[in-house]
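A short worksheet on the structure shown next.
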Amino acid sequence: MTTDRPLRVAVVGVGHLGRHHARILGAMAGVELVGIYDVNHQRAEEIAAASQTRVITDLSVVPDQADAVTIAVPTESHLEVARPLVARRIPVLIEKPLARSVAEADELLALARECGALVAVGHTERFNPAVVAARGHLHGPRFIEVHRLGTFPERSLDIDVVFDLMIHDLDVVLSIVDAPVAAIDAVGVPVLTPKIDIANVRLRFANGCIANLTASRISRDRVRKIRFFQSESYVSVDYASQELEIWRLVRPKAGMPSIEGGRQPVPNDEPLRRELEDFVEAVRHGRAPGVPGEEGRRALALAQQISEQMTMAGETSSWASRG
C-alpha cells in the first residue's frame, strides 16, 4: 500500500518488548501510532501517555483503525491475537517465537496465504548492525560457536530457554548456513523453573558445518556472542556491544604466513528500530519483510525439535534413575 498519508500502526501487548515497539513507532517518521492494547489497563495507560497515543480497550476494533499491527503478547496468545487480524488482511509483526508450536504456526501461515496477509517475525538479531556487517565476510563457515547467557528474567517463563533465548541464534545460524540440519544432539535442564533453563545443542548440517549453541537464563553475567570459523579466517560478533572482529590468515609471497585483522567499523543502531522500519517499509511497498513468517516457522520447528529431544532425554534419565 503506497500512499502519502502516515501508516497507521497499533501495538498489542506493551510488556518488556511491546513498550519499546510503542516508543519507536510513536517517534517514527511516516507512522501514526493509533493506539496500544494490553490486558493490564494501568500499564497500557502509562505506555500510551509516554508514547502520546491512546489506549485501545477492544481488540475487535483494531482492524478498522490500523493498517498494520505489531504483536508482543506472551507466546501462548500469539495465534489467538493474530488470527482475526490476518483474516482481515492486516499485516502483522509477531515477536519471536512465531507461535507456541509448529502446528499453530502452520495454521496461521496457511490463513495468511489464503487471505494474502503479510506476516513478519521479530527475530531482532537479524537486524543487529554487527550481524549485518558480518554477513559479507562469511563464506561457508565450518564451525559456529554461540553463547547467549542471561540473568534470571521476570518474563517469558511460559516457554523454555530454547524458545526464549536460543531461538534468536537458531534463526541467525539457519539464515547463514545454506544446508539442512542433518543431526541434533541436545541436553538441557530445569534449574529455577519447571521448564528448561539452560541448554546446549550441537547441530550438524548436511554440508558438514557444525554449530554449537549454549543458552542460559540463570547466569550471573550477560553474554551474547557468535563466532564463525571458516577457511583461513575467523569472524566474531558481540551482539550486545555490536562489535565485529575479523582475523585472516595472510600468506605472503615469501616468509611465514601471519594472522592479521581486528575490530571492524560497525554503525551503532538499535536492532528493534531497524526491524520495525523494515516492517513498515514492507507494508508500504508490498514486499516481503526481512524475516517472513516462513523463516520464523523454520526457526520454531528447529527449536521444537531440540526441546522435544531434551524432554525425551530427561524422561529417559528419570526412568533410568528409578530403575
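With +1 on each Lys and Arg Cβ and -1 on each Asp and Glu Cβ, and nothing else charged, work out how big the dipole of segment 78-226 is about its Cα centre, in Debye to the nearest 20.
Its charge dipole is roughly 360 debye.
Rounded to the nearest 20 Debye, what is the dipole magnitude of the chain about its Cα centre when Lys and Arg each give +1 and Asp and Glu each give -1 at the C-beta?
760 debye
Output the direction-averaged projected area (hull surface divided by four) of the convex hull of the alpha-carbon atoms of the chain, in nm².
Orientation-averaged projected area of the Cα hull: 20.1 nm².
Principal axis extents for segment 45-93, Cα atoms only, whole Å, descending order, please.
Per principal axis, max minus min of the Cα coordinates gives 30, 24, 18 Å.
Could you please report the charge total around Glu243, scoring K, R as +1 and D, E as -1 over all other residues with beta-carbon less than 10 angstrom from its beta-carbon?
Combined, the nearby Lys, Arg, Asp and Glu give 0.
Local charge sum around Glu45 (other residues, Cβ-Cβ under 15 Å, Lys/Arg +1, Asp/Glu -1)?
That works out to +1.
Throw me the Rg/Rh for segment 164-323, computed over C-alpha atoms with Kirkwood Rh, two decimals.
Ratio of gyration radius to Kirkwood radius: 1.04.
Taking the Cα of His16, stepping 7 Å toward and past its beta carbon, and measuring to each backbone N in segment 92-110: which are under 18 Å?
The answer is 94-100.
Residues with amide H under 5 Å of Ala117's amide H, sequence separation 5 or more or different chain, H placed in the peptide plane at 1.01 Å from N; which?
Here the answer is none, since no amide H 5 or more places off falls under 5 Å of that of Ala117.
Gaussian network model of the chain, Cα springs within a sub-10 Å range: biggest mean-square fluctuation belongs to which of Ala130, Ala211, Ala50?
Its mean-square fluctuation being the largest, the pick is Ala50.
Classify segment 1-151 as rounded, prolate or oblate, taking a ≥ b ≥ c as the square roots of the eigenvalues of its Cα gyration tensor: rounded when a/c is under 1.5, otherwise prolate if a/b is larger than b/c and oblate if not.
It comes out prolate by the Cα gyration axes.
Rounded to the nearest 500, what is the 222 nm mean residue ellipticity of the chain from helices alone, with -39500 (n - 2.57) per DSSP H run of 4+ residues and division by all residues?
Mean residue ellipticity at 222 nm (helix-derived): -10500 deg cm²/dmol.
Reachable lysines from Lys96, Cα under 23 Å, same-chain residues fewer than 8 places away excluded?
Those lysines meeting the cut-off are Lys195, Lys225.
In the neighborhood of Glu294, defined by Cβ-to-Cβ distances under 11 Å, what is the net charge if each Lys or Arg adds +1 and each Asp or Glu adds -1?
+1
Among Ile90, Ala120, Val131, which residue has its Cα furthest toward the positive end of the charge dipole of segment 88-142, with +1 on Lys/Arg Cβ and -1 on Asp/Glu Cβ?
Result: Val131, furthest along the dipole toward the positive end.
Values in this text are rule-based calculations from the coordinates and carry no lab data. The structure presented is a predicted model; accordingly, all values stated were derived computationally and were not measured. Virtual Cβ from ideal backbone geometry, glycine too; neighbours counted across all protein chains shown.
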